[in-house]
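Asks: So that we are looking at the same thing, I have put the structure below in structure tokens.
The values are calculated or read from the model by the stated rules, or taken from the named source; none is laboratory data. Keep in mind that what you see is a predicted model, and the values were worked out from it rather than measured. For neighbour counting, all protein chains shown are included, and Cβ atoms are generated from backbone atoms with ideal geometry for every residue, glycine included. Quick note on the areas: whole protein, heavy atoms, side chains included, nothing else; ligands and nucleic acids left out. Shrake-Rupley method; radii C 1.70, N 1.55, O 1.52, S 1.80 Å.
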Amino acid sequence: EQIDVQKKMAGKKAVDYIKDGMTIGLGSGSTVYWMMKRLGELVKEGLDIKGIPSSLRTEGWAKQFGVPLTDFSNTQQLDLAIDGADEVDPQFNLIKGGGGSLVREKIVNTASKKLIIIIDESKLVDQLGAFSLPVEVVQFGYEATALQISKLGCEPVLRMNGKEPFVSNNGNFILDCPFRVINHPEQLNDDIKSVVGVVETGLFLGMTDLVIVGKDACVEVLEN
Ligand code: DER
């Protein structure tokens, strides 16, 4: 599958930016899987790092691949975070949350001095919005929260996990919000964040330093 090859190339390239002694924000998603696998190999060869995982799934990969873990009780500022994305626009604004880890990802990524995003080329877009914007909301009254969000121009859909609502690692629900085109992501993020019941949005704005894109025959590193 060509997309998997592109994810694998981007994930492996990102590890080149990890240096001895760093504390790393470990993102979530299938592209991050390849980064974790490669990072585990370098740790076995002596690379001295610790990571803070942004999901229980990533925590499991860290244990599987032997990546040492730490947490925010030990450090509140990370040197570098590496994470995936669902959409990346030319200004390096992101939509994330396809995997349901957006709250912990945003906490980890904003605590990091530098953020590298690793993607296959299908994630590059001219404008955000074709991918429904994930919004994490408190379970209580989520229907009322959804109604308030709908006034911003979308019909929120409760994310399901089979026959049950999807529940995030934080015990919350996720509403997938199809805005179609997002012209002013900063304003939309502020508007959604001010709706009572909303925990976080999947808009990751103005925080990405580097985007590593897996392409068919090469890996491209884009700087902001
Ligand atoms: O859910 C997330 O934010 C993930 O990072 C996701 O956006 C990336 O998914 P993928 O690497 O599996 O395509």
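Asks: I'd like the full set of residues that are within 9 Å of the ligand (Cβ to nearest atom) and open to solvent by less than 30 Å² (accessible area, probe 1.4 Å), limited to segment 107-122.
Replies: Those that are within 9 Å of the ligand (Cβ to nearest atom) and open to solvent by less than 30 Å² (accessible area, probe 1.4 Å): Ile117, Ile118, Ile119, Asp120.
Asks: If you don't mind, another one. If I go through segment 174-224 residue by residue, how many of them are closer than 20 Å to Ile107 by Cβ, touching a residue at least 60 places away in the same chain (Cβ under 8 Å), acidic (Asp, Glu) and out of contact with any Asp or Glu (no Cβ under 6 Å at 6 or more places or on another chain)?
Replies: Of the residues in segment 174-224, 1 are closer than 20 Å to Ile107 by Cβ, touching a residue at least 60 places away in the same chain (Cβ under 8 Å), acidic (Asp, Glu) and out of contact with any Asp or Glu (no Cβ under 6 Å at 6 or more places or on another chain).
Asks: Separate question: Residue by residue through segment 181-224, note down the ones that are more than 30 Å from Ala146 (Cα to Cα), of a type in the set (Asp, Glu) and surrounded by 12 or more Cβ atoms within 10 Å (Cβ to Cβ).
Replies: If the condition is that a residue be more than 30 Å from Ala146 (Cα to Cα), of a type in the set (Asp, Glu) and surrounded by 12 or more Cβ atoms within 10 Å (Cβ to Cβ), then Asp209, Glu220 are the ones that fit.
Asks: Shifting gears a bit: For segment 1-47, which positions are open to solvent by 60 Å² or more (accessible area, probe 1.4 Å), under 25 Å from Thr110 (Cβ atoms) and not in a helix (DSSP H, G or I)?
Replies: Within segment 1-47, Lys19, Asp20 meet the criteria.
Asks: Further question on the same structure: Examine segment 25-39 for a residue that is within 16 Å of the ligand (Cβ to nearest atom), over 24 Å from Gly202 (Cβ atoms) and in contact with a Lys or Arg (Cβ under 9 Å, 6 or more places away or on another chain), and state whether such a residue exists.
Replies: Yes, the conditions are met somewhere in segment 25-39.
Asks: Is it fair to say Phe166 is within 18 Å of the chain's Cα centre (by Cα), open to solvent by less than 60 Å² (accessible area, probe 1.4 Å) and of a type outside the set (Asp, Glu)?
Replies: Taking the combined requirement at face value, the residue satisfies it.
Asks: How many residues are without any contact (Cβ under 8 Å) to a residue 12 or more places away in the chain and under 26 Å from Gly202 (Cα atoms) if we restrict to segment 5-24?
Replies: 0
Asks: Taking into account only those residues within segment 77-95 that are within 14 Å of the ligand (Cβ to nearest atom) and in contact with a Lys or Arg (Cβ under 8 Å, 6 or more places away or on another chain), which is most open to solvent (accessible area, probe 1.4 Å)?
Replies: Residue satisfying both the conditions and the ranking: Asp86.
Asks: Another question about this same structure. For residues that are surrounded by fewer than 24 Cβ atoms within 10 Å (Cβ to Cβ) and within 13 Å of the ligand (Cβ to nearest atom), tally how many sit in segment 57-76.
Replies: 2
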